[in-house]
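Asks: Before we start, here is the structure in question, set down as structure tokens.
The values are calculated or read from the model by the stated rules, or taken from the named source; none is laboratory data. These figures come from a predicted structure and were not determined experimentally. No Cβ is skipped: glycine too gets one built from the backbone with ideal geometry, and neighbour counts run over all protein chains shown. Accessible surface areas use protein heavy atoms only, side chains included; no ligands, DNA or RNA. Shrake-Rupley method; radii C 1.70, N 1.55, O 1.52, S 1.80 Å.
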Amino acid sequence: MAETYPPVWFDGPAYTPNANTPYIRAAWIPNSTNRMFIGSGDPHQRLSLLQLDFMAPKSWTGKQATQVAGQIATHFAADTRMNFGEVTCRVTAAPHVAAPMAGDVFMQVPVTVGLEAWG
């Protein structure tokens, strides 16, 4: 989907979207760190959220935008593993797709993906 709807990281380079071009706004949100073992060098459970907002032009209907958000959610099925360098995380449960919200220029449909990593 990245070719059709380019992902733009919230904390990445400045991006000025074209009002007619849908895109995915992405943000990684650290949530909590849990100490599960006694040893001070043992790994900690690190929970976080991957917030993906599908940004559709206002000319789209809420149903159209929600269908694309559903496709994004389907990509992150429960227990999907993702690797970056030596870090592996996994999707903890099926993502949550919220109701579409109309803004001045875009319609936003939030997709929240729960993640877990150990380290």
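Asks: In whole percent, how big is the carbon plus sulfur part of the accessible area of the chain, probe 1.4 Å, protein atoms only?
Replies: Details: 4300 of 7510 Å².
So the carbon and sulfur contribution to the accessible surface is 57 percent.
Asks: Let me ask something additional. Using the C-alpha gyration tensor of region 1-95, what are the square roots of 5 times its eigenvalues, in whole angstrom, with the largest one first? Kindly include the intermediate steps, with their values, before the conclusion.
Replies: On the way: eigenvalues 205, 46, 24 Å².
One finds semi-axes of 32, 15, 11 Å for region 1-95.
Asks: Same structure again: Dipole size in debye (nearest 20) for the chain around its Cα centre, Lys and Arg Cβ +1, Asp and Glu Cβ -1? Walk me through the numbers on the way to the answer.
Replies: Numbers: 7 positive and 8 negative charges, 39 e Å.
That gives a dipole near 180 debye.
Asks: In region 5-119, with Lys and Arg counted as +1 and Asp and Glu as -1 at Cβ, which of these residues, Pro7, Leu115, Pro22, has the Cα nearest the positive end of the dipole, that is, farthest along it?
Replies: After comparing all options, I get Pro22.
Asks: Helix-only mean residue ellipticity at 222 nm, the chain, DSSP H runs n ≥ 4 weighted -39,500 (n - 2.57), per residue, nearest 500. What is it? Let's see the in-between values first.
Replies: Values: 1 runs with 14 residues, N = 119.
Here the helix-only value at 222 nm equals -4000 deg cm²/dmol.
Asks: At a Förster radius of 25 Å, what calculated FRET efficiency corresponds to the Cβ-Cβ distance of Trp118 and Met1, to the nearest 0.05?
Replies: Values: r = 28 Å, r/R0 = 1.13.
That gives a FRET efficiency of 0.35.
Asks: Would you mind telling me which residue in Ile24, Ile72, Ile38 has the biggest mean-square fluctuation in a Gaussian network model of the chain, where springs connect alpha carbons within a distance under 10 angstrom?
Replies: Its mean-square fluctuation being the largest, the pick is Ile38.
Asks: Report for the chain the percent antiparallel among DSSP-assigned beta bridges with both residues inside it, nearest 5.
Replies: On the way: 36 of 39 bridges.
Percent antiparallel among DSSP bridges in the chain is about 90.
Asks: Which ³J(HN,Hα) values, rounded to whole Hz and listed in residue order, are derived for region 44-54 from phi using the Karplus coefficients 6.51, -1.76 and 1.60 in 6.51 cos²θ - 1.76 cosθ + 1.60 with θ = phi - 60°, glycine and proline given as x?
Replies: Along region 44-54, the couplings run 10, 7, 10, 9, 8, 10, 9, 9, 10, 9, 7 Hz.
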